[in-house]
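Trainee: Take this structure, written in structure tokens, and hold onto it; I'll ask about it next.
Readers should treat all values here as calculations from the given coordinates under stated rules, not as data from a laboratory. This structure is a prediction, so every number in the text was calculated from the model and none was measured. Here the Cβ positions follow ideal geometry from the backbone for every residue, glycine too, while neighbour counts run over all protein chains shown.
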């Protein structure tokens with residue numbers, strides 16, 4: 001099925017029709033033809049991506065360790081030497097096999113993920129999209145682990161390895177997360193796993209700007225999120241940015257008000273580092289200093305940067321690579337961005 005946003009396009013045309021009278025039927029014909037061409041292009045891309053061959057390896061180290069015995073620890077160490085720091089003797093790992101917390105971690109991960117089938121499908125799709133858009137990239141070897149709920153390191157990506165701490169995706173209400181701040185725990189859900197992997201990949205692809213302006217940093221995150229549009233086309237926008245459905249709707253409903261605040265406060269070219277904490281960094285809410293703060297999701301500046309990049313790509317015939325290399329100011333000016341009303 002073609003993912004072109006037909007509802008938005010039709011609504012826009014209905015609004016125009018009220019003012020164009022008899023000429024409106026011409027616009028409807030034009031709209032239908034444009035959507036047909038867009039769908040053909042999307043479908044061809046989807047077919048090419050589906051046909052892309054990748055060699056993706058996923059190893060369930062978490063399960064192998066849970067099933068291990070004292071005498072098999074040396075075999076695991078030879079198979080996964082990078083997971084066994086040399087300063088620790090075998091006795092440390094043998095003791096961990098019997099540790100009650102480790103046993104519970106393994107049990108809870110198994111309850112949530114089982115055979116990891118859905119996640120494997122998601123990851124295969126993600127890396128097929130990566131291979132299509134970045135042919136020189138090789139998929140890393142994926143290793144699933146338990147990490148004692150080190151949520152800041154739930155995804156670790158090197159040139160050849162991707163470590164996934166599955167105990168960081170058990171659901172926001174899991175008792176392991178009771179002492180974690182709610183805005184952080186809300187992201188500890190397996191529905192965000194593929195998005196987190198895409199974020200780790202994006203950080204290696206999208207160059208962090210040397211320009212210190214707020215606009216530049218917004219567009220940087222906008223590029224990352226637009227990259228997710230391409231790499232995770234079947235995921236909802238809320239999953240890409242790490243919002244709940246309610247938070248996503250708030251951002252959509254208040255986009256014009258947010259943008260007006262940024263413009264009226266002359267923030268776009270400000271280099272004030274505090275703006276990161278207010279509007280870009282993970283936080284329970286964004287900090288406008290207004291009544292709406294408590295209802296807002298954190299990182300709202302990333303959402304606006306995303307809409308700027310989307311507007312740019314809609315209005316300019318450039319490749320993904322070309323867009324990623326452009327400076328934020330050029331993207332902004334050529335986007336002719338206007339918030340939705």
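Trainee: Can you say what percent of the DSSP beta bridges in the chain, counting only those with both residues inside, are antiparallel? Round to 5. List each step's numbers first, then the result.
Mentor: Details: 4 of 11 bridges.
Close to 35 percent.
Trainee: Going by the alpha-carbon gyration tensor, a ≥ b ≥ c the square roots of its eigenvalues, is the stretch 56-187 rounded (a/c under 1.5) or, if a/c is not under 1.5, prolate (a/b greater than b/c) versus oblate?
Mentor: Taking the square roots of the gyration eigenvalues as a ≥ b ≥ c, the stretch 56-187 is oblate.
Trainee: Still on this model: Give or take rounding to whole Å, what are the principal axis extents of the alpha carbon atoms in the chain, in descending order?
Mentor: Its Cα atoms span 82, 49, 36 Å along the three principal axes.
Trainee: Further question on the same structure: Using DSSP, restrict attention to beta bridges with both residues in the stretch 58-205 and report what percent are antiparallel, rounded to the nearest 5. Write out the running numbers ahead of the final one.
Mentor: Numbers: 4 of 11 bridges.
Of all bridge pairs located within the stretch 58-205, approximately 35 percent are antiparallel.
Trainee: Starting with the highest mean, order 178-187, 83-92, 161-170 by the number of other Cβ atoms within 10 Å, averaged over the residues of each peptide.
Mentor: 161-170, 178-187, 83-92
Trainee: So if I take the centroid of the Cα atoms in the stretch 107-173 and the same for the stretch 55-100, what is the distance between those two points in Å?
Mentor: 18
Trainee: Give me 299, 334 sorted ascending by neighbouring Cβ count inside 10 Å, so fewest comes first.
Mentor: With the fewest neighbours first, 299, 334 line up as 334, 299.
Trainee: Going by how many other Cβ atoms sit within 10 Å of their own, how do 315, 341 line up, fewest first? Spell out each step's value before the answer.
Mentor: Working: 315 12, 341 5.
With the fewest neighbours first, 315, 341 line up as 341, 315.
Trainee: Same structure again: With a ≥ b ≥ c the root eigenvalues of the C-alpha gyration tensor of the stretch 214-335, is it rounded (a/c under 1.5), prolate (a/b larger than b/c) or oblate?
Mentor: oblate
Trainee: Ok, one more. Starting with the fewest neighbours, write out 244, 286, 294 ranked by other beta-carbon atoms found within 10 Å of each beta-carbon.
Mentor: 294, 244, 286
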